[in-house]
Every structure is written in C-alpha cells, then in structure tokens.
Amino acid sequence: MSNEVSARRTARHVTVFLDVDGVLNSYPVQGTRSVRERRRRVRAWNYELHYRPKIVKFLDSLVQKRLVDIVWLSTWSQRCRTEIEPKLGFHGTYPIIDMPDDSYNRFAGDPSAWWKARAVEDWLAAHPGQRALWIDDDLAAPATYEYFRKKYRGRLLMIAPQFSRGLGEEHFALIRTFTYPRPEHGAHEEQKREGA
C-alpha cells in the first residue's frame, strides 16, 4: 500500500463506540416485518435478543476494510465479548469500556454525569484530530446530544436509533458518508491532477 493511500485511509479511519440494547438488540417483531428484516432470535445471558444479521455483517465489513475499529460501550460490559460477539456472529473481538458502577444509563441526559459520555469525551481528548462514531439509543437525550454535537462537530457522528427498531439500513448511508468523507474541493482537484 502506498503512503498516499495509507494517509488517506488513516484520515478517514473512525472509532465506533457501539451499544447493544436499542442498537443491535431491539423489540421483537412478528409477521411480514420479521421476514422482511430477516430477524433472528438468540438467547444471551438471561435474555432473548432480537437482531438483524445484516447489521452485524455491515459493521464487520467496515472493520475488515480497516475503516473502523469497534469499541463496546454498553451496560453489557464484558458480556459483549462472552455473549454478544459469539451469539450475534461478529467475526472479531473488540475492546470494551466497562460500566464503572451500577448507574447503567440513568444519567444519559447529563453529559457530565453519564459514564458513557465521560468515556467518549476522554477518548476524544486523548486522540486529538481523530474521528469517532457513537451509536446508542440513549443519545436521544437532548442535552447530551446537543453538548457533543456542538463541541465535536465534524469529529463525532452520533446515531440514536429508536429503541424499538434498533440500528437500521437507513443509518448505513450516514455511516458510509462519515467513513468515506469526500475530499475538500481543492484537495479533490489536486488529487485528480496527480492521478489519484
């Protein structure tokens, strides 16, 4: 791989902070919607999870293309590795940010108190210039969403799926656009002249 290709890949690389419930696992559905979405059910820990393998395959493909790294940011904590990865069919094993206490998501509306918000902000501070994608249904909390949107515009894409539906194909385009950013107009013209 040439240095130029490597530099472009590094520039568009994204760390994905991934939740489980309300993102991968969502409410069970019946009938034609279940068939259309090719839903699957699986028991993990003490729960029955309802998920779409297509979502797992999409995330896996981004990792395999080296466009993203996944970091689990879920109240499932270490069970992401022992339960979620094998039961949902992820190909990789990913780092985990453990829930540090028993607050779960009670403080999702307060970006200074929610453990997930603190973890993402710590990562952004420790990795200046790098970009991240945060997928969590609890990002629907307006105060937290607005805080991160204003402070990290351009560096952080947040996706807050509806808990009842989870991550869907309608989010794929947002994720693709963020992981494949278009070059700025001047840079694009320069690349064309150089034969990039």
Looking at the stretch 123-137, is at least one residue touching a strand residue (DSSP E or B) at 6+ places or on another chain (Cβ under 7 Å), open to solvent by 30 Å² or more (accessible area, probe 1.4 Å) and closer than 24 Å to Asp21 by Cβ?
yes
Return the residue satisfying two criteria in turn: it lies in the stretch 68-120 and is of a type in the set (Asp, Glu) and free of Cβ contacts under 8 Å to residues at least 40 places away in the same chain, and of such residues it is farthest from Val14 (Cα to Cα).
Asp102
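Residue-wise test of (1) under 17 Å from Leu59 (Cβ atoms); (2) over 16 Å from the mean Cα position of the chain (by Cα); (3) in a helix (DSSP H, G or I).
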{"position": "Leu124", "(1), (2), (3)": "no, no, yes"}
{"position": "Leu133", "(1), (2), (3)": "yes, no, no"}
{"position": "Tyr145", "(1), (2), (3)": "no, no, yes"}
{"position": "Phe163", "(1), (2), (3)": "no, no, no"}
{"position": "Gly166", "(1), (2), (3)": "yes, no, no"}
{"position": "Glu170", "(1), (2), (3)": "yes, no, yes"}
{"position": "Thr177", "(1), (2), (3)": "yes, no, yes"}
Exactly one of Glu190, Glu170, Glu146 is loosely packed, with under 12 Cβ neighbours inside 10 Å and modelled with pLDDT under 95, and that residue is Glu170
Any residue at all in the stretch 96-116 that's touching a strand residue (DSSP E or B) at 6+ places or on another chain (Cβ under 6 Å) and of a type in the set (Lys, Arg)?
no
Name every residue in the stretch 61-80 that is over 16 Å from the mean Cα position of the chain (by Cα) and of a type in the set (Lys, Arg), in order of residue number.
Arg79
Do we have Leu157 as more than 26 Å from Arg39 (Cα to Cα), surrounded by 13 or more Cβ atoms within 10 Å (Cβ to Cβ) and touching a strand residue (DSSP E or B) at 6+ places or on another chain (Cβ under 7 Å) here?
yes
Selection count where residues are in contact with a Cys (Cβ under 6 Å, 6 or more places away or on another chain) and open to solvent by 50 Å² or more (accessible area, probe 1.4 Å), scope the stretch 91-115
0
Across the stretch 43-90, which residue is surrounded by the most Cβ atoms within 10 Å (Cβ to Cβ) among those that are more than 24 Å from Trp123 (Cβ to Cβ) and small (Gly, Ala, Ser)?
Ala44
Confirm whether Ala125 is over 30 Å from Pro53 (Cβ atoms), hydrophobic (A, V, I, L, M, F, W, C) and in contact with a Gly (Cβ under 6 Å, 6 or more places away or on another chain).
no
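The values are calculated or read from the model by the stated rules, or taken from the named source; none is laboratory data. This structure is a prediction, so every number in the text was calculated from the model and none was measured. We place every Cβ from the backbone using ideal geometry, glycine too, and count neighbours over all the protein chains shown. Accessible surface areas use protein heavy atoms only, side chains included; no ligands, DNA or RNA. Shrake-Rupley method; radii C 1.70, N 1.55, O 1.52, S 1.80 Å.
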